[in-house]
Every structure is written in C-alpha cells, then in structure tokens.
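Reading through the structure tokens given below for one structure.
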Amino acid sequence: MRPNTTLSDLLERSDDLTPDLVSSVVQRHASGLYVLLAPPRPEMAIGIRPSQIKAVLDILRQMYDFVVIDTSSGLDDTLIGML
C-alpha cells in the first residue's frame with residue numbers, strides 16, 4: 001500500500017484523538033481490512049512516545065473488534081507499551 005496518511009499524522013494530534021480523526025487516517029486495503037500505516041521513513045518515527053501509541057491503540061480498540069500490530073523484533077519502550 002502507498003501511504004496517503006500514516007501513524008505520524010495521528011501522533012501530531014495525539015492529545016485530540018477521536019474515532020473520526022482516526023478514521024480519516026486509516027486506509028482500506030483491497031482485502032477489506034483497515035490499515036494504519038507506519039511512517040514512510042524511519043526518521044519520521046523518532047520521538048514517538050509510548051503514551052502516544054497507547055492513545056492510538058485505545059481508540060482503535062473502540063473502533064474495531066480486532067487490532068493486529070505488525071512490529072519489529074526488538075523490544076523497546078514503545079513495543080512494551082503496546083503489549
């Protein structure tokens with residue numbers, strides 16, 4: 001998928017997250033799944049705080065029956081917060 005919007009777009013407004021805002025950033029895959037894409041460049045992920053990820057996940061849990069997270073294999077504070 002080519003990202004029109006990504007997680008970075010939500011993190012800029014992590015204090016004002018709403019289901020409507022998240023819906024405007026999530027993209028629909030041809031399979032029918034909804035996908036929140038990672039930032040296109042690794043440097044765009046620098047500075048992401050675990051609390052921001054938690055806020056996004058809290059909204060996603062309200063919106064969807066299942067939330068699947070594709071992560072890296074390394075453990076850091078952000079990944080631990082997601083788990």
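The values are calculated or read from the model by the stated rules, or taken from the named source; none is laboratory data. The model shown is predicted, which means the values in this text are computed figures rather than measured ones. With ideal geometry, Cβ positions are generated from the backbone for all residues, glycine too; neighbour counts draw on all protein chains shown.
Each residue in the range 1-59 was checked for being touching a residue at least 24 places away in the same chain (Cβ under 8 Å), β-branched (Val, Ile, Thr) and not in a loop (DSSP other than H, G, I, E, B), and 5 pass.
Conditions (1) at pLDDT 85 or above; (2) closer than 16 Å to Ile69 by Cα; (3) basic (Lys, Arg); (4) touching a Gly at 6+ places or on another chain (Cβ under 7 Å), marked per residue:
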residue: Asn4; (1), (2), (3), (4): yes, no, no, no
residue: Leu11; (1), (2), (3), (4): no, no, no, no
residue: Thr18; (1), (2), (3), (4): yes, no, no, no
residue: Gly32; (1), (2), (3), (4): yes, no, no, no
residue: Pro42; (1), (2), (3), (4): no, no, no, no
residue: Arg49; (1), (2), (3), (4): no, no, yes, no
